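The values are calculated or read from the model by the stated rules, or taken from the named source; none is laboratory data. What you see is a predicted model, and the numbers here were worked out from it, not measured in a lab. Counting neighbours? That spans all protein chains shown, and the Cβs are built from the backbone with ideal geometry, glycine included.
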């Protein structure tokens, strides 16, 4: 789709670990995209294994016209964007910024174009220009850019639990959340720390 503007109706609310509330508005689109892969139990649950999986996901979220076919190179590029975004979410949760992942992200976004448009109330909006995958990736990038400007981006984090990386929105007042679920990753982390101290 060309000249697309992010819209929160692209994403239905998805169940979150620990019954967390999902990310608000358009950030739910980024959360959903990053969470197409999750490795909590070393299984590497991957929803985007084939180009047709990517086409279906983008179509479901109104980022690609129905029936539009994508290739292997498109899938690789989209996954580079996804993992680059995940690295940014880990950084939001206190991890060092992965420079190589950011370089790959920028390279994958290289052909996207964004434009500024003004709505009826004179509010500026970023719109993605271009068709097929360029338009879809541009829309995702515009959501991140707007969230960084409005201050909500820093609350979207990747869980730092071992073999997790689930994207969650930190609704806490002081943005102190570290885990997708305290009862799962938080408890596992505390148990590992307890065992480590006992071995001393």
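Tabulated data
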quantity	calculated
Subset of segment 66-82 (residues that are more than 15 Å from the chain's Cα centre (by Cα) and surrounded by fewer than 19 Cβ atoms within 10 Å (Cβ to Cβ))	66, 67, 68, 69, 71, 72, 73, 76
Some residue of segment 123-130 being surrounded by fewer than 18 Cβ atoms within 10 Å (Cβ to Cβ) and without any contact (Cβ under 8 Å) to a residue 40 or more places away in the chain	yes
Any hit, segment 23-32, residues being at pLDDT 95 or above, under 23 Å from residue 107 (Cα atoms), assigned to a loop (DSSP other than H, G, I, E, B) and touching a strand residue (DSSP E or B) at 6+ places or on another chain (Cβ under 8 Å)	no
Check on residue 68, out of contact with any strand residue (DSSP E or B) (no Cβ under 7 Å at 6 or more places or on another chain), at pLDDT below 95 and more than 25 Å from residue 169 (Cβ to Cβ)	yes
Some residue of segment 163-170 being surrounded by fewer than 13 Cβ atoms within 10 Å (Cβ to Cβ) and at pLDDT below 90	no
Odd one out for residue 154 among (1) more than 29 Å from residue 65 (Cβ to Cβ); (2) touching a helix residue (DSSP H, G or I) at 6+ places or on another chain (Cβ under 7 Å); (3) surrounded by 15 or more Cβ atoms within 10 Å (Cβ to Cβ)	(3)
Answer residue from segment 83-123, given it is modelled with pLDDT of 95 or more and touching a strand residue (DSSP E or B) at 6+ places or on another chain (Cβ under 7 Å) and is farthest from residue 174 (Cα to Cα) among those	86
Selected residue (only one of 197, 160 is assigned to a helix (DSSP H, G or I) and at pLDDT below 95)	197
